[in-house]
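Student: Just dropping this structure here.
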Amino acid sequence: MATKTISLKRTIHAPAEHVYRAFTNATSLREWFCDGAMVQPRVGGRLYCQWDDGHALMGKYTALAPEKKIALDLRGDTEGDYSQCVITLSTKDGITSLQLTDSSDSKLWLKTADACEANWNAALDNLKSVLETGVDLRLARQPVLGVEIGEPKPGDEGVRLDGVTEGMGAREAGLQQGDVILSVNGKKTPSWNAIGAALNGHAAGDKVKVVFRRNGKTMNATVTLSARPMPEVPATAEALAEIVARKYTEVNRDLTQAFKGVSEEKAARAPAPGEWSARHVLAHLIAEERNLHTWLTDMIAGNEPWYERETGALRIRLDAVINGFPTVQALLTELKRNEAETVALLNALPDEFVARKGSYRRLALRMLSWPDHAREHLGQIIAAVKH
């Protein structure tokens, strides 16, 4: 049977070390290729990649030569046979030449080879962008609804909104803080990742149907998609840490003010059964800050897990935090201590991590907006202590 081979080349202005890592490290793979990955980077070791739209790719490494060659047997979840993929690297003056071949003689491969070639072309273009500039083209080119994601509540069955962005489609279509998005263009959205998957293939200016729940009533809206903002990030870890520290100081001032004159009894009182007291909100902020430390260190180590759900809202965990820090002042002090640890981690980011532009940009973008999470809960605290 005839064998068909895809052959592609790219010139990448990045060290061969970074290009090699992009095919052999789970964190690096998700920055340009997939949405989640697990790898065993050794000959005979397994590779598994998954996308938020549900499809997957699996295989094993058949040859590895650091900074020179990666060979894999690969199979998509709808394909019966493996293809043989070989990536060879050569470098000169800090510029890496990449050649990729992917071949098979299976009937299904012959039918899908053109689509596979198009997918590899798009992926390698993104690899070049991520390694050279840090920009993930999948995100840069993906439009947005213009919403801010909030904390889920029991029974939501969708994505709860903490706000809508001025001048973007969701706000203009009438969506509001507290709405729960159930589906986008007929695709269910049980998590924020599902919203992104539902927008794949769309461009800014396209219109999508959004089904959402407001105060127990299911409603519909047609949202015009907006272009995704692409903010700059600080050039150094020290500059990033300084900005984050300043934002922490500002929000902590407002948190302290929110508890001014509030008794411990009021701070411990929940507005309604099953809802959080003001102390629970502080415990949640502490739990999420601790989760952040784990994520930061996993990012630095290149061992980032792919979580389905965060754990910072588990009631049992919040109660345990309150048990250890039973007063408002103790909780505020512990929150600030954890924030100081975050800033220390940012200040200590290794130079080799900052040089990995995709990883550093992703971390920096998350950190620049991270202190806003506490500010988003200010209204919840104020409402709880007034109850």
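Student: Magnitude of the Cβ-charge dipole of the chain, K/R +1 and D/E -1, about the Cα centre, nearest 20 debye?
Tutor: Values: 48 positive and 49 negative charges, 89 e Å.
Charge dipole, the chain, about its Cα centre: 420 debye, nearest 20.
Student: To continue, here is another question. Using only Cα atoms, locate the centre of the stretch 348-381 and the centre of the stretch 221-289, then give the distance between them in Å, rounded to an integer.
Tutor: So the two Cα centres are separated by 13 Å.
Student: Can I ask one more? When we measure straight from the Cα of LYS336, which aspartates and glutamates land under 14 angstrom away, once same-chain ones fewer than 8 places off are left out?
Tutor: GLU250, ASP254, GLU288, GLU289
Student: Mind telling me which of GLN99, GLN177, GLN257 comes out most flexible in a GNM of the chain, alpha-carbon contacts under 10 Å?
Tutor: Highest fluctuation of the listed residues: GLN257.
Student: Here is a follow-up. State whether the chain is rounded, prolate or oblate according to the following rule on the C-alpha gyration tensor (a ≥ b ≥ c being the square roots of its eigenvalues): a/c under 1.5 gives rounded; otherwise a/b larger than b/c gives prolate, and the remaining case gives oblate.
Tutor: On the way: a/c = 2.26, a/b = 1.64, b/c = 1.38.
Prolate, because a/c is 1.5 or more and a/b exceeds b/c.
Student: Among GLY155, THR96, VAL135, whose Cα sits farthest toward the positive end of the charge dipole of the stretch 89-184 (+1 at Cβ of Lys/Arg, -1 at Cβ of Asp/Glu, about the Cα centre)?
Tutor: Final value for the positive-end residue is THR96.
Student: I've got another one for you. With runs of 4+ DSSP H residues as the only contributors, calculate the mean residue ellipticity of the chain at 222 nm using -39,500 (n - 2.57) per run, divided by the residue total and rounded to the nearest 500. Numbers along the way, then the final one.
Tutor: Numbers: 15 runs with 169 residues, N = 387.
The per-residue figure over the chain is -13500 deg cm²/dmol.
Student: Among the lysines, which fall within straight-line cross-link reach of LYS153, defined as a Cα-Cα distance under 20 Å, with same-chain neighbours fewer than 8 residues apart omitted?
Tutor: LYS188, LYS217
Student: Dipole magnitude of the stretch 237-386 about its Cα centre, charges +1 at Lys/Arg Cβ and -1 at Asp/Glu Cβ only, in debye to the nearest 20? Let's see the in-between values first.
Tutor: Values: 20 positive and 21 negative charges, 70 e Å.
It comes to approximately 340 debye.
Student: Order of 362-372, 279-289, 316-326 by packing, highest average Cβ count within 10 Å first? Display every interim value, and only then the final one.
Tutor: On the way: 362-372: 17.9, 279-289: 23.7, 316-326: 14.5.
For the peptides 362-372, 279-289, 316-326, the packing ranking is 279-289, 362-372, 316-326.
Student: Related question: Relative contact order for the chain: what percent, with Cα pairs under 8 Å and sequence separation of 6 or more?
Tutor: So the answer I get is 15 percent.
Student: Which aspartates and glutamates does LYS69 reach when only Cα atoms under 14 Å apart count, and residues fewer than 8 places away in its own chain are ignored?
Tutor: GLU17, ASP102
Student: Please name whichever of LEU110, THR218, THR5 sits farthest to the positive end of the charge dipole of the chain, dipole taken about the Cα centre and charges placed at Cβ: Lys and Arg +1, Asp and Glu -1.
Tutor: Result: THR218, furthest along the dipole toward the positive end.
Student: If you average the sequence gap of Cα pairs under 8 Å that are 6 or more apart and divide by the length of the stretch 147-224, what percent do you get for the contact order?
Tutor: Relative contact order for the stretch 147-224 comes out at 27 percent.
Readers should treat all values here as calculations from the given coordinates under stated rules, not as data from a laboratory. Bear in mind that the values here come from a model prediction, so they are computed numbers and not experimental data. Quick reminder, even Gly has a Cβ in these numbers, built from the backbone with ideal geometry, and neighbours come from all protein chains shown.
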